[in-house]
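Contents: one structure, followed by commentary.
Nothing in this text is a laboratory measurement; each read-out follows from the coordinates by a stated rule. Note that this is a predicted model, so its numbers are computed, not measured. Please note: Cβ atoms are built from the backbone with ideal geometry, for glycine as well, and neighbour counts cover all protein chains shown.
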Amino acid sequence: MRSFNRLLALGASVAIIFAACGGGASAAPTIGPTEAASIEATPAPTEAPAAFKACLVTDTGGLGDKGFNDNALKGLQDALAAGYATEVKNLESKKDADYTSNIDLFVADGCQQITTVGFNMGEVTATKAGENGDIAFSIVDFAYDPAIPNVTGIVFATEQAGMLAGYLAAGVSATGKIGTYGGLPIPPVTVFMDGLAAGIAYYNQEKGTSVELLGWNAAAQSGVMAPADNPWGNSDFGNQQAQAFFQEGADIVVPVAGGTGIGSFNAAKQAQSEGKKVYAIGVDTDQYLTAPGFESVILTSIQKIIDKAVADAINLASQGNIGGTNYVGTLANGGVGISPFHDLSSLVSADLSAGVDALKAKIVDGSVKVADYLK
């Protein structure tokens with residue numbers, strides 16, 4: 001029976017995932033923005049490519065989340081624009097039961113490559129890949145150990161970028177309190193929150209401060225989560241939770257809950273209109289760009305470069321490399337990072353910016369490990 005890698009994040013999970021790649025799948029090409037990424041090595045088609053249909057199934061958060069699902073769809077569209085596919089289609093999952101039916105629809109429709117989006121699709125993707133060995137699958141936010149021959153797992157060491165954001169937030173905060181909450185208590189969510197906790201702890205150690213993180217206890221792995229019946233699209237909860245953090249004294253909020261976070265951005269914008277100096281940090285994409293109207297609110301975003309990884313997987317599949325490997329996006333290979341400070345760059349001193357850069361270098365060279373700051 002296949003063992004699913006539940007992505008317990010941090011260094012251990014990355015080691016597990018690379019171990020999966022190091023067995024029978026060791027010869028499989030890597031994907032994503034690695035130093036040897038195949039997109040750069042593959043010339044653009046000089047003539048019309050053979051027909052290749054790539055399809056994508058979203059998670060229940062759906063399109064319009066201005067982050068996770070939207071960015072995966074962008075990867076599908078980029079693959080079409082680059083000539084990696086000649087036809088693309090997508091279906092939205094409104095409930096968990098849609099995962100299976102949507103994949104089945106795409107199998108029947110002749111899709112040669114199917115991308116599934118979200119940790120919760122891990123088991124059904126493995127099942128359907130096993131039933132359809134001639135179809136290339138990829139899945140965002142899930143990896144398998146051992147790897148599945150026709151599946152590419154796409155995961156991210158988001159805690160690394162989260163640590164940079166936590167350090168930054170600690171340096172910007174005037175109150176010494178930062179709030180965060182998640183959508184569901186699953187690893188692709190809690191790694192963001194772990195990273196924040198680690199970055200704040202590192203800042204406190206370096207500066208002799210006592211900045212607090214509200215909403216998440218990394219040592220206990222517990223904290224504030226959105227209601228389970230609508231974790232990704234509950235803007236009312238996002239608004240209320242941000243207000244609660246502001247009332248507790250936080251001046252920066254970090255929602256890790258898809259479209260629910262838009263409610264928190266609204267709360268911060270409303271508080272700013274009342275004269276309060278409060279801000280937010282986005283997730284998944286540069287939400288300064290993808291969530292227009294909140295430019296005065298968004299300090300930075302903790303990014304997973306999902307679109308490029310999705311497009312890379314489609315490119316490889318179109319060349320006959322249908323899976324058997326897992327990709328991990330890191331700070332070192334450009335698969336994760338934090339976005340520019342945009343309109344709020346004046347809040348970030350030269351010394352703080354240099355500190356963020358120095359921390360990034362230490363995470364990349366291994367001298368600082370996120371896990372060491374979660375105790």
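Some notes on this structure:
- For Gly166, net neighbour charge (Lys/Arg +1, Asp/Glu -1) across residues whose Cβ lies under 11 Å away: -2
- Modelled label positions at Lys95 and Gln205, each set 7 Å beyond Cα in the direction of Cβ, lie 4.7 nm from each other.
- Cα centroid separation - the stretch 272-310 against the stretch 229-253, whole Å: 15 Å
- Helix-only CD estimate at 222 nm, as mean residue ellipticity for the chain, using -39500 (n - 2.57) per DSSP H run (n ≥ 4): -12000 deg cm²/dmol
- Separation in nanometres of the label points that stand 7 Å from Cα toward Cβ, at Val107 and Lys362: 5.0 nm
- Per-residue Karplus couplings for the stretch 279-292, computed as 6.51 cos²θ - 1.76 cosθ + 1.60 with θ equal to phi - 60°, are listed in order as 9, 9, 10, x, 9, 6, 10, 6, 6, 4, 8, 8, 10, x Hz, Gly and Pro entered as x.
- Using alpha-carbon coordinates, inclination of helix 306-318 to the longest axis of the chain, degrees: 10 degrees
- Label zone (Thr175, point 7 Å along Cα-to-C-beta; backbone nitrogen cut-off 13 Å) within the stretch 231-270: 241-254, 268-269.
- Kirkwood Rh (inverse of mean 1/r, distinct Cα pairs), the chain, angstrom: 20.7 Å
- ³J(HN,Hα), Karplus 6.51/-1.76/1.60, whole Hz, each residue of the stretch 129-143, x for Gly, Pro: 5, x, 7, 9, x, 8, 9, 7, 10, 9, 9, 8, 6, 8, 9
- At R0 = 35 Å, FRET efficiency that the Cβ-Cβ distance of Asp372 and Leu289 yields, to 0.05: 0.60
- Within straight-line cross-link reach of Lys360, lysines at Cα separation under 19 Å, skipping those fewer than 8 residues along the same chain: Lys207, Lys304, Lys369
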